[in-house]
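Colleague: Okay, here's the structure, questions in a sec.
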Amino acid sequence: MIDGSGDQAAEDLQGCLAVVGPPAVGKSSLVEQLADAMSVEVFRLREFAQAYRRRPGVDQGLFASTDALGWYTDHTVAILLKEAFQEASRLGCWLLKAFPAAQLS
């Protein structure tokens, strides 16, 4: 729904927005400002991963990393995103922050 000011209600928005770019250019600040202005949730992969790994039956080996920075493998990121997107249907619109938290090949 778009009101007379041209603003679209957050509950009518669908999908996600990933803000990407080099370090220290203000991506996190922008995402937080957008989330506040649009009243939408911010998806943080590492926070989701921490919550996901506490679920019963989750293979803890999925989170093992030999990377010095602790980046998740592409396989782990794919599993986490699949689960997150399945759960995200209730959110409508959400913003991706600190994405992908995986080493780029």
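Colleague: What residue, among those in the range 34-51 that are open to solvent by less than 70 Å² (accessible area, probe 1.4 Å) and not in a helix (DSSP H, G or I), is farthest from Leu62 (Cα to Cα)?
Modeller: Here is the first cut: in the range 34-51, the residues open to solvent by less than 70 Å² (accessible area, probe 1.4 Å) are 34-35, 38, 40, 42-45, 48-49, 51.
Then drop every residue that is not not in a helix (DSSP H, G or I), which leaves 40, 42-44.
Values: Val40: 29, Val42: 23, Phe43: 20, Arg44: 18 Å.
Selected residue: Val40.
Colleague: I'd like to know if the range 26-33 contains one or more residues that are open to solvent by less than 50 Å² (accessible area, probe 1.4 Å) and touching a residue at least 40 places away in the same chain (Cβ under 8 Å).
Modeller: Initially, the range 26-33 is screened for residues open to solvent by less than 50 Å² (accessible area, probe 1.4 Å), giving 26, 31.
When the remaining residues are screened for being touching a residue at least 40 places away in the same chain (Cβ under 8 Å), the result is 31.
Looking for residues that are open to solvent by less than 50 Å² (accessible area, probe 1.4 Å) and touching a residue at least 40 places away in the same chain (Cβ under 8 Å), one finds at least one in the range 26-33, hence yes.
Colleague: Between residues in the range 52-77 that are outside any helix (DSSP H, G or I) and surrounded by 13 or more Cβ atoms within 10 Å (Cβ to Cβ) and residues that are at pLDDT below 85 and among the polar types (S, T, N, Q), which pairs lie under 6 Å by C-beta distance while being six or more apart or on different chains?
Modeller: Between residues of the range 52-77 that are outside any helix (DSSP H, G or I) and surrounded by 13 or more Cβ atoms within 10 Å (Cβ to Cβ) and residues that are at pLDDT below 85 and among the polar types (S, T, N, Q), the close pairs are Trp71/Gln103.
The values are calculated or read from the model by the stated rules, or taken from the named source; none is laboratory data. Everything numeric in this text was worked out from a predicted model, so none of it was measured. Reconstructed Cβ throughout: ideal geometry from the backbone, glycine too, with neighbour counts over all protein chains shown. All accessible areas refer to the heavy atoms of the entire protein, side chains included, with ligands and DNA or RNA removed. Shrake-Rupley method; radii C 1.70, N 1.55, O 1.52, S 1.80 Å.
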